[in-house]
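Asks: Pasting a structure here, questions to come.
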Amino acid sequence: MSRDPHHVVIIGSGFGGLFAAKALRRADVKVTLIAKTTSHLFQPLLYQVATGVLSEGEIAPATREILRRQSNATVLLGLVEDIDLTNRVVKWRFHNDYQETPYDSLIVAAGAGQSYFGNDRFATYAPGMKTIDDALELRARILKSFEIAEFTRDEEARRRELTFVVVGAGPTGVEMAGQIRELASTTLRKEFRNYDTASARVVLIDGADQVLPPFGPELGARTKATLEKLGVEVQLGSIVTDVDDAGLTVRHKDGSEERIEAACKVWAAGVQGSELGITLAEQSGAALDRAGRIQVEPNLTLPTHPEVFVVGDMAAVDGVPGVAQGAIQEARHAAATIRARLEQRGAPGAFRYRDKGSMATISKYKAVALIGKLKLTGFLAWTAWLFLHLLYIAGFKQRITTLVSWALTFISNGRSQRVMTNQQMVGRLALERLGTGASGKLMRGGEVVPEE
């Protein structure tokens, strides 16, 4: 009598979800991947979409296309809202179409969102950098500022439009600030007639005492010096206390406050684990850290629920940074554990992270890299960064088109992805006002309530 294959449900199509599915391609299991988007996002390159270097399709190939030859994998588009650990059921929906999917093993890789440290109202004026929607909105906001400055006659208003503030001096913030500076100083330099785009002010703000804290003081100091040489104003030991449409307020470590008038703000500071973490913690008794990540067992499972694995940005594992390699290695470990159990052989045991280094670009031909004890800067680090990121982009077509786009940008200083629409700029805020419980990801529906 035939039996149904072991059913593995995976939540999320990021690095954790996709690599877990691929690691199970030869296992005697049925894989169902449920994700709120139809694509696998290469998040480290989002800033290049936001600054016109790459298109969204080059860094976000369709998940179905990636897994099309994996016959044991099914992909479903849906937003997971609840998980019943007792009955082993995932509850999800697409708009108002509610579904339930049972599982034998579950891998939760729902990722993380932007954290505003309790000031969620900042999101209205300072979008984060976690999704394609975020990147397209930021691209529209950045390019819009240059456009408005062209016809603005009031010099104070023009200065406000040409002031760009990036909050957070981690890799994303450094890369974003460097690209905005490069966009203003080279790409757009001869395209406007009423002002010099190079006069734009780019400010990078962080509460830490150095740029790129995980890279160590030496590389942090070099990065800061390179940014300042490019024309980026770096403010360290500074905390943003308020954000509005026209600018933001910053409190420096000496206690003084500064008001920066800026039309375009980018939030690249802090992450917050998926809300599913709260659901899992309440049912399993697992603890959550301050970022909403789950304290998992050494083998990445939930306490009292060995059939449930949590990987990627949702898992709090000592020594594992919130980078792609951490999610990839955790996903493969979870898949290997499931296979070992089904084949009734020794499981891999505790997860061990193998640090393959950290890298960040600053601008064209300039980057920093920390690989073990090896510290690289400048062109060599930039070349290593290009090779590694190209290697991890999913899909042969995406690698080729990305390589061509990079080559054209580096040779000509031009950027082909500079289309912006009003919908991109205001769509997120408009969706938030649609009906009860609407979101910018999957809407519940309902009537559009007119503003009173």
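Bear in mind that the values in this text are calculations on the coordinates, not laboratory data. Just so it is clear, the structure is predicted and the values come from calculations on it, not from any experiment. In this analysis, Cβ positions are derived from the backbone assuming ideal geometry, glycine residues included, and neighbour counts consider all displayed protein chains.
Asks: For the chain, with only Lys/Arg (+1) and Asp/Glu (-1) charged at the beta-carbon, what is the dipole magnitude about the Cα centre, in debye rounded to 20? Before the final figure, lay out the partial values.
Replies: Details: 54 positive and 51 negative charges, 396 e Å.
Dipole about the Cα centre, nearest 20: 1900 debye.
Asks: A further question follows. Could you give the length gained by full extension between ILE239 and GLU56, i.e. 0.36 nm per residue of separation minus their alpha carbon distance, to one decimal place?
Replies: On the way: separation 183, 0.36 × 183 = 65.88 nm, distance 3.16 nm.
Fully extending the segment from ILE239 to GLU56 adds 62.7 nm.
Asks: What pairs in LYS364/LYS397; LYS190/LYS364; LYS130/LYS229 have C-alpha atoms more than 22 Å from each other? Numbers along the way, then the final one.
Replies: Values: LYS364/LYS397 24 Å; LYS190/LYS364 19 Å; LYS130/LYS229 28 Å.
Pairs exceeding the cut-off: LYS364/LYS397; LYS130/LYS229.
Asks: How big is Rg to Rh over the chain, alpha-carbon atoms, Rh as the Kirkwood inverse-mean-distance radius? Kindly include the intermediate steps, with their values, before the conclusion.
Replies: On the way: Rg = 22.6 Å, Rh = 23.2 Å.
When Rh is taken as the Kirkwood radius, the ratio is 0.98.
Asks: Roughly speaking, what is the centre-to-centre gap between the range 1-78 and the range 384-411 when only Cα atoms are used, to the nearest Å?
Replies: 20 Å
Asks: Moving on to the next point. Checking the table LYS224/LYS375; LYS224/LYS366; LYS265/LYS366 against a 20 Å threshold on Cα-Cα, which pairs fail?
Replies: On the way: LYS224/LYS375 15 Å; LYS224/LYS366 12 Å; LYS265/LYS366 24 Å.
From LYS224/LYS375; LYS224/LYS366; LYS265/LYS366, over 20 Å: LYS265/LYS366.
Asks: Right, something else. Given the options SER185, GLY414, MET314, identify the residue whose Cα lies farthest towards the positive end of the charge dipole of the chain (+1 on Cβ of Lys, Arg; -1 on Cβ of Asp, Glu).
Replies: GLY414
Asks: Sticking with this structure for a sec: Please state, as a whole number in µm²/s, the translational diffusion coefficient that the Stokes-Einstein equation yields for the range 300-422 at 4 °C and 1.567 mPa s, with Rh defined as the Kirkwood radius across alpha carbon pairs. Don't skip to the end; give the middle numbers.
Replies: Numbers: Rh = 17.5 Å.
My calculation gives 74 µm²/s for D.
Asks: Give me the extension gain from ASN413 to GLU343: residue separation times 0.36 nm, minus the current Cα-Cα distance, reported in nm with one decimal.
Replies: On the way: separation 70, 0.36 × 70 = 25.20 nm, distance 5.44 nm.
Result: 19.8 nm gained on full extension.
Asks: Here is a follow-up. What residues qualify as long-range amide H neighbours of GLY357, i.e. H under 5 Å apart, gap of 5 or more or another chain, H built at 1.01 Å from N?
Replies: Amide H neighbours of GLY357, under 5 Å, 5+ apart: GLY372.
Asks: Right, next: Taking the Cα centre as origin and putting +1 on Lys and Arg beta-carbons and -1 on Asp and Glu beta-carbons, what dipole magnitude results for the range 202-358, to the nearest 20 debye?
Replies: Working: 16 positive and 22 negative charges, 177 e Å.
Value, rounded to 20: 860 debye.
Asks: For ASP82 and THR304, compute 0.36 nm times the residue count separating them, minus their Cα-Cα distance, and round to one decimal in nm. Let's see the in-between values first.
Replies: Details: separation 222, 0.36 × 222 = 79.92 nm, distance 1.83 nm.
Length difference between fully extended and current span is 78.1 nm.
Asks: May I ask you to order 177-184, 378-385 by the average number of other C-beta atoms within 10 Å around their residues, highest value first? Don't skip to the answer; put the middle values down first.
Replies: Values: 177-184: 25.5, 378-385: 16.9.
Those peptides, ordered most packed to least, come out 177-184, 378-385.
Asks: Step through the residues of the range 198-211 one at a time and calculate ³J(HN,Hα) from phi using the Karplus curve (6.51 cos²θ - 1.76 cosθ + 1.60, θ = phi - 60°), rounding each to whole Hz and writing x for Gly and Pro.
Replies: Running phi through 6.51 cos²θ - 1.76 cosθ + 1.60 with θ = phi - 60° gives 5, 6, 4, 9, 10, 10, 10, 10, 8, x, 6, 8, 8, 7 Hz.
Asks: Taking the highest mean first, how do the peptides 249-255, 312-318, 45-51 order by number of other beta carbon atoms within 10 angstrom per residue?
Replies: Working: 249-255: 12.9, 312-318: 22.7, 45-51: 25.4.
Sorting 249-255, 312-318, 45-51 by mean packing, highest first, produces 45-51, 312-318, 249-255.
Asks: Considering the Cα positions of the range 1-53, please state its Rg to one decimal place and its Dmax as a whole number of Å.
Replies: Answer for the range 1-53, Rg first and Dmax second: 15.3, 58 Å.
Asks: Would you work out which of THR51, LEU24, HIS7 lies farthest towards the positive end of the dipole of the chain? Charges go on Cβ: Lys and Arg +1, Asp and Glu -1.
Replies: The residue sitting farthest along the positive end of the dipole is LEU24.
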